[in-house]
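The values are calculated or read from the model by the stated rules, or taken from the named source; none is laboratory data. Model, not experiment: these values are computed from the prediction. Ligands, DNA and RNA are excluded from the accessible area calculation, which covers all protein heavy atoms including side chains. Shrake-Rupley method; radii C 1.70, N 1.55, O 1.52, S 1.80 Å.
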Amino acid sequence: MTLIAHPLSGAMPDIRPARATRDWIDALPEQYGYRCLPLNVASMHGWEVCSPCRVTAVWDGGGGLDAITVTAEEPHPLIPASHFGSGVLTFHVAVLFRTPPGVNLMVTGPINHPKHGIMGLSGIIETDWSPYPFTMNWKFTAPGVPVTWERGEPYAHLMPIQRGLLESLEPEIRPLDSDPETAAQYRHWATSRTQFNADLQTPGSTAAQERWQKGYYRGKMPDGGDGPPDHEIKLRPKPFPAG
């Protein structure tokens, strides 16, 4: 299966496999955010499109195209611009992507990468057939707040998703005890969680030394048995070849 990128501006934008690290998590006490495997896997789930240079944008609160001022450290064809008005800043990705049949691309703001005063909007494109390029758009949430992307900082996240999967799922509600094995594993976890949290308060205890329960991270069931063999701890999306 291939993810093909056709550059439209004469040069390939800076697209890289999504990183596992985040500056704000690095700054947390003991970097505890990295203990959350679902958060980490989401951060790595796709590719990031990065700013070609340092660029700052500020919105004055108005609805016109001139309400956003963009300042870049150097001229570049891929710096963002005010295209739609209404406090929306537009990055032209300048790539036509082609995915395998039935696979869409979701484009959204960099995952788990918040920016003050602005938020990334999301779109889903049928890139297995569409000859139409797309943009990455950000909506200002506060006027008068300068927002800066450093050179190499991601402004978009690309994630493949299977078309038709959503509609193929049939939502159901069932009592937990209708699945005895799952119910037993859940209750095993709930009991151990309560005990673990109590033991955390005891200096020198096993819980205090471990600091957090690692069952899900390690792909283990609450009773100590093995989880699925395809449990993922780290994703490795392949890079685009150097141009």
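Ranked from largest to smallest solvent-accessible area, with a 1.4 Å probe on the protein heavy atoms, TRP149, TRP24, TRP59 come out as TRP24, TRP59, TRP149. Converting phi to 3J(HN,Hα) with the Karplus coefficients 6.51, -1.76 and 1.60 and the offset θ = phi - 60°, the stretch 150-164 yields 7, 4, x, 7, x, 10, 8, 10, 10, 9, x, 9, 7, 5, x Hz in sequence order, with x at every glycine or proline.
Within the stretch 92-175, the ratio Rg/Rh, alpha carbon atoms throughout and Rh by Kirkwood, equals 1.08.
The length gained by stretching the chain between SER205 and GLU74 to full extension, at 0.36 nm per residue less their Cα-Cα distance, is 41.5 nm.
The apolar share of the surface of the chain, taken as the fraction of accessible area on carbon and sulfur atoms (1.4 Å probe, ligands and nucleic acids excluded), comes to 58 percent. At q = 0.14 Å⁻¹, work out log10 I(q)/I(0) for the stretch 1-87 with the Debye formula, treating every Cα as an identical point scatterer and leaving solvent out; two decimals please. Results for the stretch 1-87 at q = 0.14 Å⁻¹ read -0.80.
Computed from backbone phi with θ = phi - 60° and the Karplus coefficients 6.51, -1.76 and 1.60, the 3J(HN,Hα) list for the stretch 39-45 is 5, 5, 5, 4, 4, 8, 7 Hz; x is used for glycine and proline.
Under the criterion of Cα pairs below 8 Å and six or more residues apart, the relative contact order for the chain equals 22 percent. In order along the stretch 194-202, the phi-based Karplus estimate (6.51 cos²θ - 1.76 cosθ + 1.60, θ = phi - 60°) of 3J(HN,Hα) comes to 4, 5, 4, 5, 5, 5, 4, 7, 9 Hz; Gly and Pro are listed as x.
Normalised by 2.2 N^0.38 Å, with N the number of residues, the alpha-carbon radius of gyration of the stretch 102-228 equals 1.61.
The fraction of all Cα pairs in the stretch 4-163 landing in successive 10 Å bins from 0 to the largest distance is 11, 37, 35, 16, 1, given as whole percents.
Using only the Cα atoms, work out Rg/Rh for the stretch 176-237, with Rh taken as the Kirkwood radius, to two decimals. Here the Rg-to-Rh quotient is 1.06.
Averaging the Cα positions of each part gives two centres, and for the stretch 152-212 and the stretch 20-76 these lie 27 Å apart. Close amide H pairs (under 5 Å, H built 1.01 Å from N) link GLY46 with ALA18, residues at least 5 positions away or on another chain. Per residue, the stretch 176-237 exposes an accessible area of 76 Å² to a 1.4 Å probe, with every protein chain left in place. Taking the helices alone, the chain has a mean residue ellipticity at 222 nm of -5000 deg cm²/dmol, built from -39,500 (n - 2.57) per DSSP H run of at least 4 residues and averaged over all its residues. Cross-link partners for LYS115 among the lysines, with Cα-Cα distance under 29 Å and sequence neighbours closer than 8 places in the same chain left out: LYS139, LYS234, LYS238.
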